[in-house]
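Encoded as structure tokens, the structure appears first; notes follow it.
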Amino acid sequence: MSKVMTPRRKRLILLLLAGALLVAAGLFVKQAFRSNLVFFVTPGELATDGAARSKELLRVGGLVQPGSVHRAADGGLEVRFTLADATSAVPVVYRGVLPDLFVEGKGAIAQGKLDDSGTLIATEVLAKHDENYMPPKVQEALKGGQPMQKAAQ
Amino acid sequence: MIGELGQILLIIALVAAVVQAWGGLVARPQPRLVTVAAVWQALGILGAIVLLGVAFVNNDFSLSYVAQNSHRTLPLIYRIAAVWGGHEGSMLLWLAALSVWSLFALRGLRRHDLSYAARTLGMLGVVGASVGAFVLFTSNPFARLLPAAEEGMSLNPMLQDPGMAMHPPLLYLGYVGTAVPFAMTLAALWGGAPAGWTRWVRPYTAVALALLSFGIALGSWWAYYVLGWGGWWFWDPVENASLMPWLALAALLHVQIARDQHGRFPYWTATLSVGAFVLALLGTFLVRSGVLTSVHAFASDPRRGSVMLALIAAALFGSLALVAKNGERLRSERQSRAPALLSRDTALAVNNLLLVAACGCVLLGTLYPLIMDALQLGKLSVGPPYFDAVMTPVLLPVLFLLMPAIWINWSRDRGSDLLCRLRPTLIAVLIGVFVLPFVLAHVYGQVYPLVVIALLGAVGVIVSTLHWAWRRLRSGGLGAAGTGMVIAHLGVAAFVVGVAMVKGYGLEHDVHMQPGGTHQLGGCSLVFDRMGEREGPNYTAQTGHFTLTCGDGAARPLVTEKRNYVNFGMPMTESAIDWGLTRDIYVALGSPDEPADAGAWSVRVQYKPFVRWIWIGVVLMALGALSAAAAARFRRTVPHADRQAAVPSSTSVEIQA
């Protein structure tokens with residue numbers, strides 16, 4: 001370190017360094033943040049503006065339509081099912097092991113991108129831990145339907 | 001009967017907390033009154049917990065909380081653990097942790113300075129009274145159920161696990177431990193503090209960090225083998241809620257050294273003390289308010305969320321107001337010259353900057369979706385890739401900073417001298433640059449630059465730390481604080497090795513297997529033998545029997561289960577793990593084929609190199625913090641005077657914690 005550095009200048013350099021680091025980190029975080037935001041949509045919303053969102057990473061939440069779950073006939077891991085809310089339904093394709101709590105008629109969330117035909121190619125399927133869990137937005141979408149079943153006392 | 005008695009105990013505890021706050025914060029603190037109140041508060045809360053435990057053991061379903069979280073068939077140990085299996089009980093546990101910390105703070109501080117001890121306890125009393133009122137009025141575990149239920153709803157099967165029984169108490173003790181540095185800082189602001197307080201606070205920070213580390217490690221380990229996914233960290237908001245106070249505590253623990261020994265960073269240390277506590281409150285809020293839905297948050301009540309937010313705001317703005325009013329009381333008694341750019345002080349500042357930046361990134365990713373949702377701007381989530389992308393560049397520099405940091409002198413140092421001290425470390429890293437890629441290529445067939453960089457950092461830290469320990473041992477011994485630092489920093493290295501290897505070379509195969517089928521993975525061959533059945537105390541299980549054969553030819557049986565618990569309509573996966581220091585093989589049943597009688601299952605098979613090092617690393621960090629907390633220096637009453645003239649020697653350096 002040069003000898004002309006007064007404590008004041010040193011402190012200034014320190015502050016500038018810290019500031020530069022913070023700005024660089026901030027820009028980087030912003031970038032990482034923007035590219036990893038996943039929007040949560042309902043099947044109903046997809047029905048209206050699905051075409052516009054074909055490039056985005058989406059989380060679609062809904063009820064797994066009873067009778068819609070089909071596993072591949074060739075013994076592979078491919079699963080097809082339909083996520084539905086009160087108004088519309090979205091077909092989903094997923095390859096992999098489904099979570100334990102994934103059951104027909106219960107809420108689930110599939111994350112992935114839409115293909116040209118409007119099918120969601122899911123890379124991840126989530127079913128929440130609580131058996132009575134329903135994604136809040138699904139709950140909103142289903143309002144007017146059956147009230148949520150409360151477990152017995 | 002138990003319900004009423006519990007209510008009374010809670011009310012006693014609340015009144016005691018109010019008395020404790022009053023007695024500690026009046027102009028002339030009343031140490032004796034405060035002591036009595038603290039003891040009564042602890043008796044009330046611990047008594048209430050014991051009563052709740054008795055209610056669980058006796059299956060007293062006239063208590064709504066017991067009916068919601070227990071069942072006659074639940075094994076005794078889990079009926080006891082169910083005390084903190086739901087919201088009300090865990091808030092009671094929070095209070096119990098606070099009582100325990102209060103008593104320890106009282107015991108430790110009264111030897112040094114009676115009125116400062118009383119003021120600190122006064123601040124803790126304010127916290128106890130607020131949270132106590134919250135429990136009593138919004139989350140009462142002794143609320144009656146009329147008529148009483150015939151049978152309980154049972155404990156969430158996820159929580160029926162020995163690891164889970166210990167996870168909340170450790171975590172809460174760690175969380176709530178942040179209240180002690182917070183209260184000590186506020187007490188200093190409130191009525192001034194004797195010079196030694198910046199030293200007395202350090203063991204509390206260290207123990208809180210250690211307990212929080214144990215709690216987080218246990219939770220992560222539990223998630224690994226119970227959730228059936230084979231991951232060890234999911235960037236779930238609930239996990240983040242515990243990581244944020246951890247990062248703040250880690251930063252605080254390090255900066256407290258500079259504050260204590262050289263009077264540096266007085267305001268920053270105070271800010272961080274407040275920040276750690278507010279983050280712990282925020283964590284409690286996130287987990288318990290119902291804004292998140294996860295294994296940790298069941299039924300929720302919006303009232304609780306708003307009350308908790310009000311508590312957080314009060315803690316934050318109350319502390320800020322105190323700083324604004326009495327900030328000069330934080331100023332350090334010694335005015336030393338500003339440190340040079342190359343100094344331990346700078347290294348600690350950078351360490352804090354990075355740790356707090358990491359904390360901020362986690363906070364952003366955790367809160368942003370909640371804020372967007374609250375403002376009705378759409379529902380979205382921030383995926384794990386964000387956290388991976390952000391934490392790597394923020395935390396890797398911390399790792400590399402660690403190599404020189406322990407060798408740099410306080411106040412000023414010479415670059416050439418420092419390089420000289422670092423020679424063995426640099427040589428080791430240089431050798432690593434050439435050797436590591438070849439070893440990795442030979443063993444795993446692939447080389448990832450990021451893994452190599454992380455491993456180089458870990459190697460550097462190990463060599464630097466051991467070299468330091470060796471030098472200290474030769475020149476008179478490490479001491480408890482030095483030993484703690486060495487253990488903790490080796491833990492950091494072990495943790496990094498684990499994370500880097502799992503991220504780089506972990507394999508996750510979702511496969512479809514017929515009985516008799518075979519799958520190859522990580523040099524091992526896994527055979528699916530057959531399915532079976534088993535009766536547990538409160539569940540029935542389908543068992544999947546596998547045989548694993550690895551390089552040495554020995555066949556190891558692995559049994560994974562799919563359990564159906566009483567009262568829960570959903571199955572639970574119990575994974576089977578063949579563990580080792582250099583790799584785990586992880587097997588978990590997925591779901592049976594349709595139609596089920598075909599006998600084929602989807603199966604998760606994973607190869608996890610060095611995954612154990614992650615938890616070993618965290619446990620080492622925790623043990624290191626405990627060892628540092630045990631340093632006799634912290635208990636000595638004579639403040640500072642003896643070290644005023646202490647000038648750092650060239651070999652180094654008086655501390656670490």
| Taking the Cα centre of the range B:507-612 as the origin and placing charges on Cβ (Lys, Arg +1; Asp, Glu -1), which of B:Ile577, B:Gly544, B:Met513 is farthest toward the positive end of the dipole? | B:Ile577
| Taking the range B:414-503, how much of its Cα-Cα pair set, in percent, is spaced more than 21 angstrom apart? | 39 percent
| query | When you count, for each residue, the other Cβ atoms within 10 Å and take the mean per peptide, how do B:150-156, A:25-31, B:440-446, B:125-131 rank with the highest first? | reply | B:125-131, B:150-156, A:25-31, B:440-446
| message | Give me, ordered by chain and number, the residues 5 or more places off B:Leu521 or on other chains with an amide H under 5 Å from its own placed amide H. | response | B:Leu526
| message | Please report the net charge: other residues with Cβ closer than 13 Å to the Cβ of B:Glu533, K and R +1, D and E -1. | response | +2
| Proxy reagent accessibility, fewest Cβ within 10 Å first, across B:Lys379, A:Lys55, B:Lys608, B:Lys562 | A:Lys55, B:Lys379, B:Lys562, B:Lys608
| Note, ³J(HN,Hα) from phi for the range B:476-483, Karplus 6.51, -1.76, 1.60, rounded to Hz, x at Gly and Pro | x, x, 8, x, 5, 5, x, 4
| field | Relative contact order of the range B:366-504, pairs being alpha-carbon contacts under 8 Å that are 6 or more residues apart, as % | value | 25 percent
| message | Counting other beta carbons within 10 Å of each residue's own, what order do A:Thr87, B:Thr198, B:Thr178, B:Thr392 fall into, fewest first? | response | A:Thr87, B:Thr392, B:Thr198, B:Thr178
| Quick one: if you stick a label point 7 Å off each Cα along the C-beta vector at B:Trp470 and A:Ile13, how many nm between them? | 3.4 nm
| field | For B:Ser70, net neighbour charge (Lys/Arg +1, Asp/Glu -1) across residues whose Cβ lies under 12 Å away | value | 0
| Once a ≥ b ≥ c are taken as the square roots of the eigenvalues of the Cα gyration tensor of the protein assembly as shown, is the result rounded (a/c under 1.5), prolate (a/b larger than b/c) or oblate (a/b not larger than b/c)? | oblate
| request: About the Cα centre of the range B:78-178, how large is the charge dipole given +1 on each Lys and Arg Cβ and -1 on each Asp and Glu Cβ? Please answer in debye to the nearest 20. | output: 520 debye
| How much space per residue, in cubic angstrom, does the convex hull of the C-alpha atoms of the range B:203-277 take up? | 78 Å³
| Per-residue average of Cβ from other chains inside 10 Å of B:379-392 | 5
| the range B:507-612: relative contact order as a whole-number percent, Cα under 8 Å and 6+ apart | 25 percent
| remark: Descending packing, highest mean Cβ count within 10 Å first, for B:115-122, B:25-32, B:261-268 is B:115-122, B:261-268, B:25-32
| field | Gyration tensor verdict on the range B:127-246 (Cα atoms; rounded if a/c is under 1.5, prolate if a/b is larger than b/c, oblate otherwise) | value | oblate
| So, with +1 on the Cβ of K and R and -1 on the Cβ of D and E, and no other charges, what is the size of the charge dipole of chain B about its Cα centre, to the nearest 20 debye? | 3040 debye
| field | Under the Karplus curve 6.51 cos²θ - 1.76 cosθ + 1.60, θ = phi - 60°, whole-Hz ³J(HN,Hα) for the range B:382-399, x wherever Gly or Pro sits | value | 9, x, x, x, 4, 5, 4, 5, 7, 6, 4, x, 7, 8, 4, x, 4, 4
| Dipole magnitude of the protein assembly as shown, debye to nearest 20 (Cβ charges: Lys/Arg +1, Asp/Glu -1, about Cα centre) | 4360 debye
| In percent, how large is the relative contact order of chain B, given Cα pairs closer than 8 Å and 6 or more residues apart? | 13 percent
| remark: Taking placed amide H atoms and a strict 5 Å upper bound, the residues 5 or more places from B:Ser381 or on another chain that come that close are A:Val38, A:Phe39, A:Phe40
| query | Tally Lys and Arg at +1 and Asp and Glu at -1 over the other residues with C-beta under 11 Å from the C-beta of B:Val502: what net charge comes out? | reply | +2
| task | Pop a pseudo-label 7 angstrom from the Cα along the beta-carbon direction at both B:Met531 and B:Trp579 and give the gap in nm to one decimal. | result | 2.9 nm
| Residue order, fewest to most surrounding Cβ atoms within 10 angstrom, among B:Asp510, A:Asp49, B:Asp113 | A:Asp49, B:Asp510, B:Asp113
| field | Convex hull (Cα only) mean projected area of chain B, reported in nm² to one decimal | value | 31.3 nm²
| request: Please turn the phi angles of the range B:360-372 into ³J(HN,Hα) values with the Karplus equation 6.51 cos²θ - 1.76 cosθ + 1.60 (θ = phi - 60°), one per residue in order, whole Hz, x for glycine and proline. | output: x, 5, 5, 4, 4, x, 7, 8, 3, x, 5, 5, 4
| Do the sum for chain B: with -39,500 (n - 2.57) for every DSSP H run of n ≥ 4, divided by all residues, what is the mean residue ellipticity at 222 nm, to the nearest 500 deg cm²/dmol? | -21000 deg cm²/dmol
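A short reminder: the numbers here are calculations on the coordinates, not readings from a lab. Everything quoted here is computed from the prediction, not taken from an experiment. Positions of Cβ are backbone-derived with ideal geometry, glycine not excepted, and every protein chain shown enters the neighbour counts.
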